[in-house]
């Protein structure tokens, strides 16, 4: 790739990304009321999205091979347990991460 | 003076929420910068891309795009597929970004997965300015990613310390946010739809191309179950 082609490629990455971020706001202007169905989606989507993002983070886990995703599943268990117990976001995240690091560096 | 105080207060409230992102973004950003460095690119590349794209997964992919033959159309389609999930973030934030003035542009520009998740899920106290809170969350996250990526591009492969597994901090954060959202809702139909659709699509389409089918399934599922979900009134 020449330097011009690299600049164009990076430009496409920027443009495509901004298109996906700005499009809903361009379609549904803030001056007019948002359609009922879109407002419903706006409220119903987040829980589904957070579920999707959790799965997204785990997409590289091999359930059938390797360590069967045990470090991931154990550490997620730790995160959930800590969070249900203390409900301190930073503590749950730090605890789960330390647990995961120990598991992948020392155990598995 | 009063306005300064309002901003400072929003900053102080926003900062703790971004600490896990700092850990995650510095780790991932450094990794990304190092990856670019060892792939033969100057630190200017990760620096510019972290500032302008501000989306980790695409930036990693872009390294291989930049190393292969020039293919603008293919690149564009790939970008849209990888980034399509941002459409959902926009729809979820339509109402919340109303009346934010000029800040709105930066809030939309910087809405990566992590920024969206925090800005959506955070319990912002009544006396804190919501616009500035979200602005500072976005700005701090942007800064973490930019500084990590640039530093990685500069110091490159000189770094050797055992950080294996630190990237789990992002997974842990999304689990916590999912859980917070779960506890806020009386019914969990939408969370089940998200988990099930993504899991099934991951199994069917594989790790590289399951996001778009998952999104389609989620919208279809939510649309068909709209009556049931709305009647149950479980939405927050």
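Taken together, the values in this text are just the output of simple stated rules run on the coordinates, not laboratory data. Owing to the predicted nature of the structure, the values given are computational and were not obtained by experimental measurement. Note that we place each Cβ from the backbone using ideal geometry, even for glycine, and neighbour counts take in every protein chain shown.
Sort B:150, A:97 by Cβ crowding within 10 Å, fewest neighbours at the top.
Taking fewest neighbouring Cβ atoms as first place, the list is B:150, A:97.
Please give the average number of partner chain Cβ atoms lying within 10 Å of the Cβ of each residue in A:68-81, rounded to a whole number.
2
Normalized C-alpha radius of gyration of the protein assembly as shown, against 2.2 N^0.38 Å?
0.98
At a threshold of 8 angstrom on Cα-Cα distance, excluding pairs fewer than six apart, so keeping six or more, what relative contact order does chain A reach in percent?
With pairs under 8 Å counted, the relative contact order is 16 percent.
Enter the mean number of other protein chain beta carbons within 10 Å of the beta carbon of each residue in B:92-99, as an integer.
Taking all residues of B:92-99 together, the mean is 5.
Normalise the Debye intensity by I(0) for segment B:167-236, one equal point scatterer per Cα, no solvent, then take log10 at q = 0.14, 0.15, 0.26, 0.27 Å⁻¹ and round to two decimals.
-0.51, -0.58, -1.14, -1.15
P(r) tail for segment A:50-108, what percent of Cα pairs lie past 15 Å?
Here the long-distance tail beyond 15 Å is 54 percent of all Cα pairs in segment A:50-108.
Explain nothing, just the number: relative contact order of chain B, from Cα pairs under 8 Å at least 6 residues apart, as a whole percent.
34 percent.
Quantify how much of the Cα-Cα distance distribution of chain A extends past 21 Å, in percent.
For chain A, the fraction of Cα-Cα distances above 21 Å is 62 percent.
Which translational diffusion coefficient, to the nearest whole µm²/s, is obtained for segment B:13-70 from the Stokes-Einstein equation, given a Kirkwood hydrodynamic radius over C-alpha pairs, 37 °C and 0.692 mPa s?
My calculation gives 268 µm²/s for D.
I'd like the mean, over residues of B:66-75, of how many other protein chain beta carbons sit within 10 Å of each residue's own Cβ.
The shielding value for this peptide is 4.
In vacuo Debye scattering of segment B:122-223, one point per C-alpha: log10 I(q)/I(0) at q = 0.11, 0.16, 0.20, 0.21 Å⁻¹?
For the requested q values the scattering log ratios are -0.61, -1.07, -1.15, -1.15.
What is the fewest-to-most order of B:65, B:111, B:78 by other Cβ atoms lying within 10 Å of their Cβ?
B:78, B:65, B:111
Find the relative contact order for segment B:96-182 and round it to a whole percent, using C-alpha pairs within less than 8 Å whose residues are 6+ positions apart. Could you put the intermediate results ahead of the total?
Details: 28 pairs, mean separation 30.6, N = 87.
Reported relative contact order: 35 percent.
Take each of the peptides A:15-22, B:98-105, B:220-227, average the number of other beta-carbon atoms within 10 Å over its residues, and list them starting from the highest.
Values: A:15-22: 19.6, B:98-105: 12.8, B:220-227: 14.6.
In decreasing order of mean packing, A:15-22, B:98-105, B:220-227 become A:15-22, B:220-227, B:98-105.
Over every pair of different alpha-carbon atoms in chain B, take the mean of 1/r and invert it; report that Kirkwood radius in Å. If you can, show how the numbers build up before the last one.
Working: mean 1/r = 0.0512 Å⁻¹.
Hydrodynamic radius (Kirkwood, Cα pairs) of chain B is 19.5 Å.
How far apart, in nm, are the 7 Å Cα→Cβ label points at residue B:182 and residue B:204?
Those two pseudo-labels are separated by 2.4 nm.
Once segment B:67-129 is represented by equal point scatterers at the alpha-carbon sites, with solvent omitted, what log10 I(q)/I(0) does the Debye formula produce at q = 0.18 Å⁻¹?
For the requested q values the scattering log ratios are -0.76.
Report, in deg cm²/dmol and to the nearest 500, the calculated mean residue ellipticity at 222 nm for chain B, where each DSSP H run with n ≥ 4 adds -39500 (n - 2.57) and the sum is divided by the residue count. It would help to have the intermediate numbers written out before the result.
Values: 12 runs with 176 residues, N = 236.
Estimated from H runs of four or more residues: -24500 deg cm²/dmol.
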